[in-house]
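Note sheet for the following structure.
Read the figures in this text as sums done on the coordinates, not as results from a lab. Note that this is a predicted model, so its numbers are computed, not measured. Cβ sites come from the backbone with ideal geometry, for glycine too, and all protein chains shown count toward neighbours.
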Amino acid sequence: MSSNSAVSPGEAFQDHYPDDVAACFGCGRLNPDGHHIRTTWDGDQTVTRFTPAPEQTAVPGYVYGGLIASLVDCSGTGSAAGAAYRAAGRTMGDPNDTEPPLRFVTGRLEVDYLAPTPMGVELVVRGQIEEITARKVVVALTVTAADAAADKEADKEADKEADAAAEAAVARGRVVAVLLPPTMGA
């Protein structure tokens, strides 16, 4: 395991949340009814992939906005944890790490809905770390949907792929994640 990666390949940041703080409805691996949102590194960005279930509908054919907010929220706090571990040169889940775990909660959540989000396609949330301090990490996130891009890309020339990807965005968000206060853990 490389301390530069923060996690082993194929593992999500959320896989390493301590058990006493791993029950979040959005990303808690121990919540049997939750979404189980999982975030990993993709170079210098983070990525979360999620396919909404039929019951997560707003109106027929479209995802409800609360799910989009949850994806931004939990992808943001997961990204914050990964970034904090990476910045500290630590690896999440390292059994030899005796330092306190770095678990983040939402201090501020901003979501801008850009387009209706189609149901039945994979959503991809990409995060970019904007700021890291001792107690706070700020993450900018973009949510894209495969079908939203397909119609627009059909009319685009190959040299305009970046424009098509930007237009495929269904939401943008920003999370100010704060280090979990000691009073919130077990």
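Some points to look at:
- FRET efficiency estimate (nearest 0.05) - Cβ-Cβ, T57 to R90, R0 35 angstrom: 0.30
- What you get for segment 52-143, charging only the Cβ of Lys and Arg (+1) and of Asp and Glu (-1), is a dipole of about 180 debye around the Cα centre.
- Gain on full stretching of the segment that runs from D20 to A115 - 0.36 nm per residue minus C-alpha separation: 30.5 nm
- Counting charges near G89 (Lys, Arg +1; Asp, Glu -1) among other residues having Cβ under 15 Å from its Cβ returns a value of -1.
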